[in-house]
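To start, the structure under review is shown below, and the notes come after it.
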Amino acid sequence: MPYLDHHAATPLSAAAAAAMADARGAAWANPSSVHGPGRRSRALLENARQRVAEALGASSADIVFTSGGTEACDLAIGGGPRPTRVITWALAHPAVHGPVDQWAALGVPVERLAGTAPLPADLEGALVVVPWVDHETGAILDRPLAEAARAAGARVVVDANQALGRLPIDVDALGVDALAIASHKVGGPAGAGALWLRRDGALEPRLSGGGQERGRRGGSPGVLPLVGFGAACAALPDRLEAMAQVGAWRDRLQAAAVALGGVVNGAEGPRVASCLNVSFRGWRAEHLVPALDLEGLAVSAGAACSSGTTEPSPGVASLYPEEPWRAQSAVRLSLGPEGLDGMAIDEAIAILERVVPRARP
Amino acid sequence: MSGGVDSSVAAALLHEAGHELVGVTLHLWDASGDQQVGRCCAPEDRDDARRTCDHLGIPHYVLDEREAFRRDVVEPFLDAYRGGETPIPCVECNRTVKLDHLVELAPRFGCDAVATGHYARIEPGEGGARLLRGHDRGKDQSYFLFGLRPETLAKMVFPLGALTKEQARAEGRRLGVPNADKGESQELCFVPDGDVAGFVARERGPGRPGAMVDESGESLGEHGGIEAFTIGQRKGLGLGGGGPTRYVLRIVPDQDQVVVGPADALQGSELCAERVRWIGPPPSEPFAGEVRIRYRHEPAAGQVEVTDGGFRVRFSQPQRAITPGQAAVIYRGDEVLGGGFIKS
């Protein structure tokens, strides 16, 4: 049963599972409580914060824990000061588009750049939200990120949910204002995420009640998943090292997909090693995903909305506006070191070879 | 799987019989705002379908057919109402959006056949599969299925065809189907409140007012748009009390006219149908059959003759309210021979 949907959620890493098993007797308590159980839970939380901060080359004081990557994006984008304009990319994750839409509703002009297009000039007062790694194709937007960081007077928020554990991250070197990450993309459990904030960055909480996280995020934090997140972050150097092997697996999958007539999306420029986005003519992605699943291969398409219905991939549509079929047909095979080995890749290729030709015209 | 009782029980029966199943729910329509709750195609219906599949331990997928549904079902439905007809969208929906599509998809999912919870039966015949009425005369849905291509029919399975609705519910309870006691779904899934005129107005703008006239053309009053009327309608004509009981006899779309008159003027002995489909080869000679002119209508005896654009039926006894847009489905006993849409 090869699982190739690591950009949606990775299997739980052994390190995260062990850390949560160790912590479960103490992590239930409210870390804001004064008493002993509260203090023990607080210690676990702060230890996790330290580990997350280290993974980013940051100080733990600048880490705001959230319930996940969507909340981290929402806080960074919606909690900042009112910008004169907002600039992002069409291929960004819905977690970015949602709070950007809220600025638009408040009358702030919004531009969504096509593909991996470069930034416009004069960004004074602007909010630039950079999806560092396209969640659908794995394309890396390094150049827009560097341009945004250099732009004078712009506030730069980075959605690094698909970059963490795939690319080395050093927030000091990036020169941006905020960076959002999530646990379940790197071997941790879902339900935990974090926002790194530059020390002098002003931020209004989006969850205002409670004053936790130094007044930046109200509500009792999910200590147990955050412990898992911390452990996953502590293991990130190993994960990054494993990316070479992951890339080799991806290249084998890609060769097999191309041999079956697949057209690879988002591979014109730099791309993370963990992702293959491919369109097979004659298949709608929403049919190919179940067909592969029924044979035991777990992949995904576009963006899975809450109903479970699959929408055509908006990111791929923005990359190839002249070829709409590619978005209709695009499926994402995403990999990671968790739970994969060469045999699983062999099996995945065999399933592709069995299923894809069923639609040959 | 709609999330309703019928498709759930159909799945449970096939599962009990040892078949390997894949549950599919088609996402056809998003009801707007306050109409969403408890209606077909609402998110909770998809959840119900998923729950049934979880109960059976089979995979379940939701496929987005909203675009095809709007194009092939809703838009023609709106056109027909604006053209003075009373369309029956379920026929086209079953044919194109649902069953042709699923039968085409089945081999891609590694499946041999497509099953639904329709109350109808399929039997092998000499010239291919035959479509028969469901045993439950009150629920029989063969009327909606006349348009199926023979090659589609050959790949279909209707596990409820020999059951009554009550038997199906009982089977559902016996098999632990989670929603065995759920209520009946609406006649038109995308107009859950039944207000067709309101739906047409929301989609296409307000109706054009016109005259309500009697058979001699004399004006009896005004109406707010022809969409609100169907042949045989008595209520909601806005003619006030007192006078003789009147019924809608005809709708004249190019004059925005609704013609009303007494009940006996509703009787008709002949109809012409177009957009015809035959399940077997089209008959070359006129023949005697029984013809159903709406869902709640017992097939009536008549002489059927194939014409250039479709077929003509001459009924042995006059029929009430032969309504353009509805389907005329030809039976011989329990067997569906074919059908078409009433033109006049």
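Where a number appears in this text, it was derived from the coordinates with a stated rule and is not lab data. Here the structure is a predicted model, which means the values were calculated and not measured. Cβ placement follows ideal geometry from the backbone for every residue including glycine, while neighbour counts extend to all protein chains displayed.
Can you tell me the relative contact order of chain B? Whole percent, Cα pairs under 8 Å, sequence separation 6 or more. If you can, show how the numbers build up before the last one.
Details: 724 pairs, mean separation 55.5, N = 344.
Result for chain B is 16 percent.
To the nearest 10 degrees, how steeply does helix A:69-78 sit against the main Cα axis of chain A, on a 0 to 90 scale?
60 degrees
Can you pull out the GluC sites (Glu not before Pro) in segment B:114-166 whose DSSP state is coil and whose Cβ has at most 13 other Cβ atoms within 10 Å? Working shown, then result.
Values: sites: B:Glu126, B:Glu151, B:Glu166; in loops: B:Glu126.
Those that pass, being in a loop and sparsely packed, are B:Glu126.
If you fit an axis through the alpha-carbon atoms of helix A:223-234 and take the longest principal axis of the Cα set of chain A, what angle between them do you get, 0 to 90°, nearest 10?
With both axes taken from Cα atoms, the answer is about 70 degrees.
State which stretch of chain B is the longest one without any exposed trypsin sites (Lys or Arg not before Pro), exposure meaning a DSSP loop state and at most 14 other Cβ atoms within 10 Å.
On the way: sites that count: B:Arg137, B:Arg234, B:Lys235, B:Arg296.
My reading of the result: B:1-136 is the longest stretch.
Give the separation of the Cα centroids, segment B:52-81 to segment B:171-204, in Å.
Distance between centres, Cα-based: 13 Å.
Compute the acute angle (0 to 90°) between the alpha-carbon long axis of helix B:165-174 and the principal axis of greatest extent of the alpha-carbon atoms of chain B; round to the nearest 10°.
Tilt of helix B:165-174: around 30 degrees.
Measuring from centroid to centroid over Cα atoms, what is the spacing of segment B:209-279 and segment A:113-148 in Å?
62 Å
Can you tell me, using C-alpha contacts under 8 Å and at least 6 residues apart, the relative contact order of segment B:86-200 as a whole percent? Please report the intermediate quantities before stating the final value.
Working: 141 pairs, mean separation 28.6, N = 115.
The value is 25 percent.
Throw me the Rg/Rh for chain A, computed over C-alpha atoms with Kirkwood Rh, two decimals. Present the calculation step by step, with values, prior to reporting the outcome.
Details: Rg = 20.4 Å, Rh = 20.9 Å.
Using Cα coordinates only, the ratio equals 0.98.
Measuring from centroid to centroid over Cα atoms, what is the spacing of segment A:252-289 and segment A:28-98 in Å?
Here the answer is 33 Å between Cα centres.
Count charges around B:Glu215 for me, please; just the other residues with Cβ under 14 Å from its Cβ, Lys/Arg as +1, Asp/Glu as -1. It would help to have the intermediate numbers written out before the result.
Working: positive: B:Arg246, B:Arg250; negative: B:Asp214, B:Glu218, B:Asp264.
With Lys, Arg at +1 and Asp, Glu at -1, the neighbours total -1.
Given points 7 Å out from each Cα along the Cα-Cβ axis, report the A:Leu106 to A:Asp200 separation in nanometres with one decimal.
Reported label-point gap for A:Leu106 and A:Asp200 is 2.2 nm.
Could you give the nm distance between label points at A:Ala248 and B:Ala68, where each point is 7 Å from its Cα heading toward the beta carbon?
4.4 nm
What residue among B:Ala68, B:Val103, B:Val5 has its Cα farthest toward the positive end of the dipole of segment B:5-174, where the charges are +1 on Lys, Arg and -1 on Asp, Glu, each on the Cβ?
Value computed over the given set: B:Val5.
Quick check on the protein assembly as shown: helices-only [θ] at 222 nm, where DSSP H runs of length 4 and up contribute -39,500 (n - 2.57) each and the sum goes over total residues. Nearest 500, please.
Working: 22 runs with 212 residues, N = 705.
The helix contribution divided over the protein assembly as shown gives -8500 deg cm²/dmol.
Below 17 Å, Cα to Cα, which lysines can B:Lys139 reach? Residues fewer than 8 away in the same chain don't count.
Once the sequence-local lysines are set aside, what remains near B:Lys139 is B:Lys165, B:Lys182.
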